[in-house]
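The values are calculated or read from the model by the stated rules, or taken from the named source; none is laboratory data. Note that the structure is predicted; figures quoted are calculated from it, not measured. All Cβ positions, glycine included, derive from the backbone under ideal geometry; neighbour counts span all protein chains shown.
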Amino acid sequence: MKVSKKFVVVTSIIPPSEDIKALATNENWTVVVVADQKTPKDWYSPKVHFLSVEIQNDLGYSVLKHVPYNSYTRKVIGYLYAIERGAEWIYDTDDDNKPYEMPLQQGKFILSPALFQTYSFFGRPDIWPRGFPLEYVKKQKNNPHQYSLCRQVKTPVIQQGIVRKDPDVDAIYRLLNAEPEIGLNEEFSPFAPTVVLGTNVYSPFNSQNTLFHKSAFFTLWLPVSVAFRVTDIWRSYFAQKLIHLIGENIAFYPVNAVQNRNPHNYLNDFKEEKLLYGDAGRMVGYLSEWNCSKTLLEECIVSLAEDFALNGFWEKSDVYLAKAWVDDLKKLNYTLMKFICPYSCKVIIELIIRFPLMTDDNEKYETERNETIRHINCRRANLEIVHDVKNATTFEIRKEQQAINSFRELDEWCNYTDDSFNETDVQCEFADRLAAKHSNSRLKEYEQIAYKNFPRLHPKMNYIHLAESQMVKGYFGFYCATKAIELRLQN
C-alpha cells in the first residue's frame with residue numbers, strides 16, 4: 001500500500017464514508033483511519049491504512065495506556081503512526097468533511113490584536129468559531145489599520161481551511177440559527193484573502209480541516225480529560241503558544257471544504273461545550289502572559305501541560321499523556337524545533353500566493369513605517385475590504401471581486417517590473433526596454449497596458465497624501481483621486 005510524505009488522519013466509528021473514499025483517491029496523500037471499539041470489525045476501504053484496535057495495541061506507543069476507548073482522542077495514535085512513517089504534512093480532518101484542495105501555500109503579514117475573529121474576516125461578522133471567547137464576540141473587531149502587507153513570508157506550519165455549509169460553530173449559535181432538519185447552510189466570502197496569525201495572536205482552530213507541517217507535529221496530541229467538543233479547541237490554544245516559541249505561524253485559508261454534518265444533539269453539544277464558554281477567554285489571557293522557564297521545547301510542552309492542570313483547564317491525566325507523547329516522539333526520532341527570539345506581534349494577510357519561502361531572517365517581517373523607502377518586504381496596508389456575504393447582492397459581490405482582481409493584477413505587474421533603477425531620480429525604465437526584458441512573462445499584457453497608458457516618470461512628481469484618520473474606509477482616498485483627475489495632473 002502506498003506511503004507518501006503527506007498523511008490524512010481520521011477516526012471513524014461508521015462504515016467507510018464517501019468523504020473518506022474520496023480522500024483515498026488522491027495519489028499524493030496517505031489516508032490513515034483510526035478505529036475504536038464501536039468501529040465495524042469488517043471496516044475496509046482500498047488504499048486506506050486502517051488501524052484496528054488490535055493493530056493499535058501492537059504499535060507499542062507509550063500513549064496507548066493514557067488514551068481511552070470510545071474517544072475522539074484516539075486520533076493521537078494515528079498521528080504517531082504517520083510520524084513513524086516519515087510524514088512531512090498531516091491533514092487533520094473528520095469522516096464527514098470533503099476538502100476541495102489542500103492549502104500548502106504562503107502568505108503575507110499583517111498586524112493584529114491578541115484575538116482574531118476569523119469568520120468575521122471571511123465575511124461573516126455575525127458568526128463566531130467554536131471556542132472563540134464569548135465575552136469578546138461583540139467586542140472584538142478586526143482592525144483594518146493594523147494590517148501590513150509583505151511580499152514574501154515562510155509557509156505557516158499549521159493551516160486551517162474555512163468550511164462552508166455547516167461550519168464549526170458552537171452549540172449556542174446552532175440552537176439559535178440551525179434548521180432542525182437540515183442544520184446550517186452558511187457561506188463565506190468567495191474572495192477574502194488568507195490570514196496568518198503571528199506571535200501572541202490567538203484564534204481557535206479545530207481538527208476538522210487542518211493541515212500540520214512536520215515542524216508542528218509535536219502539537220498534535222489531544223487532551224483526554226475534557227469533553228469531545230473541547231479537546232481540539234484546547235489543543236489549538238495550547239499549540240499556538242508553543243508555535244510562537246519557535247517563531248512559526250498558523251494560517252486560516254478561504255473556503256476549501258464543505259461539511260454535511262453528521263446528526264448531533266445540539267443540547268448535548270451545549271452541555272459538552274460549557275468549559276469553552278467559561279474558560280476560553282481566561283485561557284487566552286493566561287497564554288498571553290505565560291513564559292517558559294525551561295531550555296528545551298520538550299520541557300516546555302510538559303511545563304505548559306502542568307500549568308494548564310494547575311489552573312483548571314484540564315486534569316492531571318493530560319500531564320501524564322503529554323509526557324508519554326514526548327517520550328513517543330523521541331522514540332520515533334522526531335526532531336523538535338529550537339527556540340528563537342520571538343519577533344513582535346504580527347498577523348499575515350495573503351493577496352497573492354506565488355512566493356518562494358523566505359529565510360529565517362525575522363527582521364524582514366518588520367513593518368517599515370517610513371513609506372519613502374524602497375526595496376523593503378513589509379509595508380502598512382491600511383486596507384479594509386467590506387464584504388457582508390449574508391446581506392450582499394450578487395452584483396455587489398461581483399463588483400468587489402473585480403476590485404480585488406484589479407488590485408491583484410496591479411500588484412503582480414509591479415512585482416514583475418524592474419526595480420533596479422536609480423532611487424535618487426525615481427525614474428522608471430523606458431517602456432520598450434521593460435517590454436523586451438519581460439517579453440516571455442505571463443504578465444506581458446499588463447506591460448503593454450503600462451506602455452500605452454503610463455508615460456515615463458520624471459523626477460518631479462505631484463503627491464497627494466492622506467493620513468489614516470482621513471481615509472474614512474477609503475472614501476476620501478477615492479474623492480482625492482477623482483479631484484486629481486479633474487486637475488489633469490500629469491504625474
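Selection over the stretch 242-287 of residues that are touching a Leu at 6+ places or on another chain (Cβ under 6 Å) and β-branched (Val, Ile, Thr) gives a count of 1. Scanning the stretch 303-319 for residues that are of a type outside the set (Gly, Ala, Ser) and surrounded by 18 or more Cβ atoms within 10 Å (Cβ to Cβ) yields LEU304, PHE308, PHE313, TRP314, ASP318, VAL319. In this structure, PHE228 qualifies as in contact with a helix residue (DSSP H, G or I) (Cβ under 6 Å, 6 or more places away or on another chain) and either over 21 Å from ASN311 (Cα atoms) or not polar (S, T, N, Q) (or both). The single condition from (1) hydrophobic (A, V, I, L, M, F, W, C); (2) modelled with pLDDT of 80 or more; (3) touching a Lys or Arg at 6+ places or on another chain (Cβ under 8 Å) that LEU175 fails is (3). Taking the stretch 259-299 as the search range and keeping residues that are crowded, with 16+ Cβ neighbours inside 10 Å and either in a strand (DSSP E or B) or hydroxyl-bearing (Ser, Thr, Tyr) (or both), which one is modelled with the highest pLDDT? Out of the qualifying residues, it is TYR277. Can you find a residue in the stretch 93-102 that is among the β-branched types (Val, Ile, Thr), at pLDDT 80 or above and out of contact with any Leu (no Cβ under 8 Å at 6 or more places or on another chain)? No: zero hits. With more than 28 Å from the chain's Cα centre (by Cα) and at pLDDT below 85 as the only criterion, which of LYS108, LYS47 stands out? After ruling out the rest, the residue left standing is LYS47.
Taken together, the residues in the stretch 151-194 that are free of Cβ contacts under 8 Å to residues at least 60 places away in the same chain and either of a type in the set (Phe, Trp, Tyr) or not assigned by TED's automatic domain parsing to the domain that holds GLU248 (or both) amount to 1. Out of the stretch 1-26, which residues are part of a helix (DSSP H, G or I) and buried (at least 18 other Cβ atoms within 10 Å of the Cβ)? Passing the criteria: ASP19, ILE20, LEU23, ALA24.
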